[in-house]
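The next block holds one structure in the form of structure tokens; read it before the comments.
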Amino acid sequence: MKHNIKTSILTIIITIISCLSPDSVSADSKSDIHNSVYCWYDHGIPTDSLEKTIDICHYLNISDVYTTFTNFDDQVEMISSLKANGISTYYLTGRSNWYNNVDMIIEKIDKVAEYNISHPDATITGIVLDIEPYTLKEYKADEITGFSTYADTIENAYTYAQSKNIRFVNAIPYWYDNYMIKDKYSDKDRETAKKAFDKIFQNADRISVMNYLRRNMTEHMKNEIIYASLYNIEIESTADLSKTSGTSTNDETSFYAERNPISSINDSWKDMYQTYGYDKLNFSYHHMHILLEINIYKEKKPDYIKSERPISKANISSEYGSVINNGKGLYMITKGKEAAFVGTSDVTIRKITIPDKISYKNSYISVTSISAGAFKDMSITTLKIGKNVKSIGASAFENCKKLKRITITGKKFKNIGKNSFKNINKNACFKLKGNKNAKKIMRKRIKKKKIGYRKTWNIKG
């Protein structure tokens with residue numbers, strides 16, 4: 001975000017793979033990209049920078065510009081020029097103390113609506129809220145209550161924006177889901193936080209995640225993409241180019257010092273899209289005045305992230321990549337009759353059962369894998385894995401410190417990924433089911449150091 005971001009380590013990689021952007025165009029298409037850029041200016045994009053700004057937008061596949069300004073009527077020329085070049089303008093605004101004051105947000109929405117009525121040929125597409133309540137002492141004193149209040153405010157603001165036909169983008173830090181999953185919060189607080197997190201995702205046209213810790217950028221997006229997919233909304237991961245950012249060192253948060261910052265950013269985004277592939281996942285640069293400063297043209301133009309898929313088209317059915325919400329489990333179709341268990345919509349859940357198969361469109365699909373990081377850092381205690389699971393992804397249950405009872409029914413079991421069971425309960429009991437050969441293979445896989453094996457584990461069967 002614009003000012004201080006207190007970074008903290010998050011969780012979890014999943015695999016949600018789909019096709020392209022919001023209009024579901026072909027996976028081979030290199031157009032229809034809906035990336036954005038933040039522009040922090042007191043009076044909109046300066047006139048002497050506008051032409052170059054437009055060139056950069058075209059070069060980097062940016063279709064949405066988020067910009068601050070004071071006087072709306074002074075922005076007509078800028079907004080008209082952007083529109084003429086296929087670029088939408090969003091009004092960027094927000095203050096920390098707005099988290100409990102919806103009237104301030106409504107006032108800004110009204111200004112956008114009034115401007116649009118007066119300038120029908122140069123309209124502002126939407127509003128971007130950058131509210132940072134976690135910087136306030138009153139919020140820090142009771143984070144869960146503050147977070148819940150913030151979610152209520154967002155709900156009311158979004159309802160009002162809809163009534164004015166103004167698109168609503170909410171900028172949030174990557175770590176809000178910590179409130180739902182970290183043991184330092186009580187079960188009651190985590191449940192309250194889950195409801196608030198859910199409400200935030202129900203009440204936005206787009207969520208812009210300020211993904212300001214370069215380490216594990218892909219992992220940080222897991223829960224956010226799960227919730228975006230549940231409500232079929234747009235989501236973007238924002239990369240920082242600031243010279244300084246928050247309390248962390250610049251190298252930890254920003255790509256500014258990289259020799260080829262744009263290439264580095266796009267490498268991270270490519271990994272993210274290859275991991276998730278959610279059809280409404282896009283990306284954002286923070287911020288434009290740094291893009292104007294560095295020589296982006298010396299680097300290879302993105303070709304683009306969404307033009308690639310991680311597996312052969314020969315294996316892709318028409319349903320490939322669909323995310324299914326089956327009870328509290330979330331599944332992604334990986335082949336015509338196979339699905340991966342990618343996570344749960346209930347991050348407070350304690351007992352997990354990976355079924356043999358799930359029902360979908362009057363048919364059944366076998367659950368054949370558990371995605372990487374699917375339950376990392378969660379407080380689950382009991383796990384049952386169905387007979388059709390062939391593989392468990394890396395870090396799938398890492399740091400599930402309360403996980404003590406694991407039942408695996410082996411039939412076609414092939415692989416357990418790196419750190420899959422690292423730092424689970426030291427007295428965990430694995431109960432193996434299946435034929436003699438299957439149990440032998442499972443036992444061999446479990447007793448590998450790379451998955452986090454401990455000699456104190458009890459392996460039965």
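Bear in mind that the values in this text are calculations on the coordinates, not laboratory data. Predicted, not measured: the structure shown is a model, and the values here were computed from it. Cβ sites come from the backbone with ideal geometry, for glycine too, and all protein chains shown count toward neighbours.
Quick check for me: using +1 on Lys/Arg Cβ and -1 on Asp/Glu Cβ, what's the dipole size of segment 35-310 about its Cα centre, in debye to the nearest 20?
Numbers: 29 positive and 42 negative charges, 120 e Å.
Dipole size: approximately 580 debye.
Quote the charge dipole size of the chain about the Cα centre in Debye, to the nearest 20; the model charges only the Cβ of Lys and Arg (+1) and of Asp and Glu (-1).
5460
Taking the beta-carbon count within 10 Å as an exposure proxy, list Tyr278, Tyr331 from fewest neighbours to most. Before the final figure, lay out the partial values.
Values: Tyr278 27, Tyr331 24.
Placing the least packed residue first, the sequence is Tyr331, Tyr278.
Find which of Tyr160, Val76, Ser237 sits farthest along the positive direction of the dipole of segment 35-310, computed with +1 on the beta-carbon of Lys and Arg, -1 on that of Asp and Glu, about the Cα centre.
Value: Ser237.
State whether segment 127-182 is rounded, prolate or oblate according to the following rule on the C-alpha gyration tensor (a ≥ b ≥ c being the square roots of its eigenvalues): a/c under 1.5 gives rounded; otherwise a/b larger than b/c gives prolate, and the remaining case gives oblate. Mind showing how you got there, number by number?
Working: a/c = 2.23, a/b = 2.00, b/c = 1.12.
Prolate, because a/c is 1.5 or more and a/b exceeds b/c.
To make sure I understand the rule: partners must be aspartates and glutamates, Cα under 20 Å from the Cα of Lys361, and not fewer than 8 residues away in the same chain. Which ones qualify?
Reachable aspartates and glutamates: Glu319, Glu338.
What number does the chain give for Rg over Rh if you use C-alpha atoms and the Kirkwood radius? Write out the running numbers ahead of the final one.
Working: Rg = 23.1 Å, Rh = 23.3 Å.
Rg/Rh for the chain comes to 0.99.
Compute the length gained on full extension between Thr159 and Thr145: take 0.36 nm times their separation in residues and subtract their Cα-Cα distance, giving the result in nm to one decimal.
Working: separation 14, 0.36 × 14 = 5.04 nm, distance 2.15 nm.
Taking Thr159 through Thr145 to full extension adds about 2.9 nm, to one decimal.
Once a ≥ b ≥ c are taken as the square roots of the eigenvalues of the Cα gyration tensor of segment 86-134, is the result rounded (a/c under 1.5), prolate (a/b larger than b/c) or oblate (a/b not larger than b/c)? It would help to have the intermediate numbers written out before the result.
On the way: a/c = 5.10, a/b = 1.86, b/c = 2.75.
Verdict is oblate for segment 86-134.
Could you tell me which of Val389, Tyr59, His43 has its Cα farthest along the dipole of the chain towards the positive end, charges placed at Cβ (Lys, Arg +1; Asp, Glu -1), taken about the Cα centre?
Selected residue: Val389.
Only sites in a loop by DSSP and with at most 11 other Cβ atoms within 10 Å count here; which trypsin sites (Lys or Arg not before Pro) in segment 108-210 make the cut?
Here the sparse-neighbourhood loop sites are Lys184.
Rounded to the nearest 20 Debye, what is the dipole magnitude of segment 316-460 about its Cα centre when Lys and Arg each give +1 and Asp and Glu each give -1 at the C-beta? Intermediate values should be presented prior to the final figure.
Values: 36 positive and 6 negative charges, 254 e Å.
Around 1220 debye, computed over segment 316-460.
Could you work out Rg/(2.2 N^0.38 Å) for segment 49-203, with Rg from alpha carbons only?
On the way: Rg = 17.6 Å, N = 155, 2.2 N^0.38 = 15.0 Å.
The reported ratio for this selection is 1.18.
Could you rank the peptides 396-407, 74-85 by their average count of other C-beta atoms within 10 Å per residue, with the highest value first? Kindly include the intermediate steps, with their values, before the conclusion.
Numbers: 396-407: 20.8, 74-85: 17.1.
Going from most to least packed, we get 396-407, 74-85.
Is the shape of segment 35-310 rounded, prolate or oblate, going by the alpha carbon gyration tensor and its root eigenvalues a ≥ b ≥ c, with a/c under 1.5 for rounded and a/b larger than b/c for prolate?
Numbers: a/c = 1.65, a/b = 1.13, b/c = 1.46.
Oblate.
With point charges of +1 on the Cβ of Lys and Arg and -1 on the Cβ of Asp and Glu, referenced to the Cα centre of segment 316-460, which listed residue (Ala372, Ile358, Asn326) lies farthest in the positive direction of the dipole?
Toward the positive end, the furthest listed residue is Ala372.
Please tell me the relative contact order of segment 35-310 in percent, rounded to the nearest whole number, where contacts are Cα pairs under 8 Å and at least six residues apart. Please report the intermediate quantities before stating the final value.
Numbers: 462 pairs, mean separation 46.8, N = 276.
Value for segment 35-310: 17 percent.
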